[in-house]
Each structure stands twice: as structure tokens, then as C-alpha cells.
1. When you go through 232, 250 one by one, which is the residue that is buried (at least 18 other Cβ atoms within 10 Å of the Cβ), of a type in the set (Ser, Thr, Tyr), in a helix (DSSP H, G or I) and at pLDDT 90 or above?
2. Is there a residue in the range 338-358 that is surrounded by fewer than 18 Cβ atoms within 10 Å (Cβ to Cβ), farther than 22 Å from residue 230 by Cα, at pLDDT below 90 and not aliphatic (A, V, I, L, M)?
3. Does the range 199-217 contain any residue that is part of a helix (DSSP H, G or I) and over 30 Å from residue 384 (Cα atoms)?
4. Can you report the number of residues in the range 353-389 which are in a loop (DSSP other than H, G, I, E, B) and in contact with a Lys or Arg (Cβ under 8 Å, 6 or more places away or on another chain)?
5. Among the residues of the range 143-153, is there at least one that is assigned to a helix (DSSP H, G or I) and surrounded by 15 or more Cβ atoms within 10 Å (Cβ to Cβ)?
6. Hey, could you check the range 359-373 for residues that are crowded, with 20+ Cβ neighbours inside 10 Å and over 25 Å from residue 176 (Cα atoms) and say which is farthest from the chain's Cα centre (by Cα)?
7. Mind counting the residues in the range 189-207 that are farther than 30 Å from residue 273 by Cβ and in contact (Cβ under 8 Å) with a residue 40 or more places away in the chain?
8. Any idea how many residues of the range 213-235 are in contact with a Lys or Arg (Cβ under 6 Å, 6 or more places away or on another chain) and either outside the structural domain of residue 202 (by TED's automatic domain parsing) or not hydrophobic (A, V, I, L, M, F, W, C) (or both)?
Amino acid sequence: MIKKILKSKWSLLIMLVCWLLLLWSRTFIGLANGCETSAFDVLKTSVLMLFFTFIWGCNLFLWDDEMRFFYKDDELQEKYGEDDAGEKDGFCEKLSYRSSGTTDGYNFGLSTSLCAVLVLAVICMFSFAMTGWTEWLNLFNDSTYMQIGWWNINKKYIFDVLMLIVFPAWSTFILRKVKESGFSITAVCFGSVQILALTLMGFLLYMRRPNIWLVEMVIVNVVTLILIVRSYIWKDIRKKGNVAALLILYMLLWLALLSMFYYNGQSITEYMGLADSSPMNSYFTNVSKIIGNASFTGQSLELVNDPYVLQFLEDSHYLLTSILFYAGWLPAILLMAVELVFIIASAGVIVQNQRHDGRDTILQTILFGLFIRVVGGILYSFGIPIPILLPFTGSVGVATDTICIGILILSFLSSRFEDYSDLIAEEILEDLEEEDDDEEYDE
């Protein structure tokens with residue numbers, strides 16, 4: 001079944017149907033728990049975010065036609081070609097590097113990226129230095145908001161964008177430019193400094209949030225770098241042990257940063273920020289009650305008469321737990337099946353949409369991020385101390401997860417449009433060749 005969905009031409013439609021079912025479930029529990037006042041609030045938010053994602057994505061693709069940020073791996077070879085023997089000589093190779101912005105192991109695109117990273121680092125340092133002196137630039141002091149001029153930005157809304165889109169895109173660009181530079185020492189140092197700086201800025205931005213935010217960022221960032229290395233540079237590296245050592249050092253760096261928030265005797269629950277003051281009102285106590293007393297279908301009378309459970313669910317976004325309370329085990333099992341099919345269908349959309357350029361890593365990272373949300377959300381719904389909500393559940397998740405879905409849809413449609421355009425161009429070319437042949441025959 002999984003292989004059929006992955007290869008099915010209906011993968012996009014299946015993903016969209018599952019997405020709408022998840023939005024409907026979110027609307028149901030939102031109205032039942034008092035989070036929403038209208039049945040169309042969640043749908044309006046999703047459609048609005050999808051609209052803005054399409055506008056942003058189309059502009060990004062148009063910009064890429066000029067800047068070639070997401071260029072294909074074989075474009076340099078196609079552009080400069082090979083000599084008659086099938087091998088590039090030294091002069092041709094240097095010409096290729098210089099034409100792509102690389103000269104003697106020095107990459108102009110890489111240095112430009114380094115300048116941008118350094119500018120961001122200076123802004124971060126200035127924000128630290130001006131703490132308590134000014135309010136117009138405050139990036140790190142508050143756990144939820146950051147102030148930039150007159151803008152008061154909620155960090156929750158940009159978390160997924162930074163983790164699933166910006167970091168993968170930027171890291172892919174950096175490592176591919178390092179590859180173009182022939183893995184020179186200068187290029188490797190420049191690339192390592194940039195990735196390290198981007199990582200530290202993300203850490204500083206969210207270090208005041210509950211630790212699960214940083215744990216999720218660690219997992220996604222590490223997997224992102226592994227995907228980039230495997231997809232774009234691994235086969236061209238002679239000393240693969242050096243790259244593996246750098247990845248291990250990157251993991252150790254993250255472990256060292258996470259260990260700063262741990263103290264002796266701290267439990268996993270406390271580390272994740274889940275310690276409750278009252279055992280009767282705690283998350284785990286009420287989840288245990290709901291799991292143990294939920295009926296197969298419909299509501300359980302024992303749960304309905306429990307004031308602590310009712311208070312626990314009020315204004316909450318716990319999707320699977322709420323479904324168990326209101327509808328029973330059968331709808332909850334169906335919901336988990338929909339989540340699973342949604343992930344498989346999303347994977348099918350990506351598998352059938354391999355572009356062989358920098359966008360592949362972004363799509364794969366988005367899929368991995370959604371996979372973490374599904375697995376972590378289901379485990380958390382059953383009392384495992386991993387405070388991650390299911391996709392499209394929280395007020396922020398509805399918006400940010402819809403952005404991810406919008407990018408998958410837009411990339412799929414763009415790929416299909418390119419294939420259709422190429423097919424039309426080939427047909428026109430064949431018709432022109434046939435007309436030329438007919439004219440030569442008549443003559």
C-alpha cells in the first residue's frame with residue numbers, strides 16, 4: 001500500500017484530502033474546547049496562508065530564473081560541455097569554475113554569503129550589547145516576541161520558516177559552493193563558519209523557549225546537513241572521513257549547547273518544561289484518565305463527569321486526546337491512519353517531484369519536519385514527554401504547517417508545468433523539422 005501511494009499519480013490529491021480532513025478535525029476540537037468561535041476560522045487562516053505562500057513561492061521561482069540560486073547539478077557540465085575525449089582539461093575546468101564564480105578555490109558566491117551571515121551576526125551582537133538601553137531592537141530577551149523597529153514579531157510564527165526553509169536553502173547553497181571550489185581549505189573554512197553562525201543565531205533566538213524547541217531544531221538541522229552532504233557532495237569527496245568528522249563535531253556542538261540547560265537530578269519531563277504544580281491538573285494525569293476510560297465510540301460518562309478532565313481540555317489544542325474524549329477510540333484510530341496516509345502521500349509528492357537542484361533538500365526537510373510532528377504528536381498524546389503537537393493543531397501550527405504544504409503543492413505544480421512546457425517545445429520543434437524536411441523534399 002505504501003509503495004502504491006508513493007508511486008500513485010494521485011499522491012497530491014490524497015495529500016490534499018488528508019490535509020482537509022485534518023483541518024476539519026482541528027475545527028471540530030477547536031469549537032468543542034472553546035478555542036474557536038467560528039467553524040471557518042481555521043479554514044480561512046489556512047487559505048490565507050496558502051495564498052501568500054503561492055505569491056511568495058512564484059516570486060521566488062521568478063527570482064531564481066535570474067539568480068540561479070537553485071541551479072541543477074549538471075548545469076555547469078551542460079553549459080561548458082566536455083572535450084572530444086570526454087574529459088575536461090585543466091583550462092576548461094578553470095574556465096568553468098571562473099564562469100560560475102569560482103577562481104583558484106575561492107568562490108565569490110560563497111564570500112557574498114559569508115558577508116550576509118556576518119552582517120546578521122553583527123546585528124545579533126548589537127542587539128545583545130543594547131539590551132536594556134533601547135527597545136527598538138530586541139531579539140533575544142523575550143521568550144515569545146522579538147522587537148525590530150516598530151515590528152513586534154512572534155517567534156513561534158517564524159520557527160518553521162527558519163528551520164525548514166531558510167536553514168536548508170542557505171546550507172545547501174553554501175555546501176554546493178564549497179563543492180564548486182574544489183573543497184579548498186578556504187572554501188571549507190568559509191562554509192563551516194557560516195553554518196556555525198546560522199546555528200548559533202537560531203540557538204540564541206530560541207534559547208528562552210521550552211527546551212523541546214531546541215531539541216526539535218537539533219534533530220532537523222543535523223538531518224538537513226546529512227541530506228545535503230549525501231545528495232550533493234558525498235560522491236565527490238575523496239576523504240569522506242573528514243566530512244563525517246565535521247558532522248560529528250556539529251552534533252557534539254549541539255549536545256554541548258543543550259547541556260547548558262540541564263542540572264543534576266532534573267527529569268526528562270522537567271527538562272522539556274512539562275513540570276506541573278498540581279498533580280490533579282497535570283497533563284500526564286489527565287491524559288492517563290482519558291486513555292484509560294475512553295469508550296470505543298462516543299463519549300465516556302466517567303470522563304464527562306470528571307471536572308479535572310473538562311478543565312484540562314478547555315481552550316486546549318490536543319487533537320488526538322480531544323478526539324478520544326469526544327468520540328472514542330475508533331475515530332482516534334482513524335485520525336492516526338489519516339496522519340500516516342498524509343505523510344506517505346506527501347512523500348509521494350516529493351518522490352515524483354525530484355528537481356535535482358537545491359529545492360530538493362527544502363522539500364525533504366519539510367517532509368521530515370512534518371514526520372516529526374506526526375510521530376511526536378502521537379507519542380505526546382499517549383503521555384510520552386515529547387511536547388510536540390500534531391500538524392495543523394495549535395493556533396501557530398495551522399499557519400506554519402500550511403506554509404509547508406503550500407511549498408509542496410507549488411513545487412509539484414511548477415515541476416508539472418515545466419514538464420508540460422518541455423513537451424510542447426519538443427512537439428513544436430518536431431513540427432518545424434518536419435516542415436523543413438518537406439520543403440527540402442519539394443525542392
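The values are calculated or read from the model by the stated rules, or taken from the named source; none is laboratory data. The model shown is predicted, which means the values in this text are computed figures rather than measured ones. Heads up, the Cβs are rebuilt from the backbone with ideal geometry, glycines too, and the neighbour counts pull from every protein chain shown.
1. None of the other options fit; the residue is 250.
2. Within the range 338-358, not a single residue is surrounded by fewer than 18 Cβ atoms within 10 Å (Cβ to Cβ), farther than 22 Å from residue 230 by Cα, at pLDDT below 90 and not aliphatic (A, V, I, L, M).
3. no
4. Qualifying residue count for the region: 5.
5. no
6. Looking at the filtered set, the residue picked out is 373.
7. 5
8. The qualifying residues number 1.
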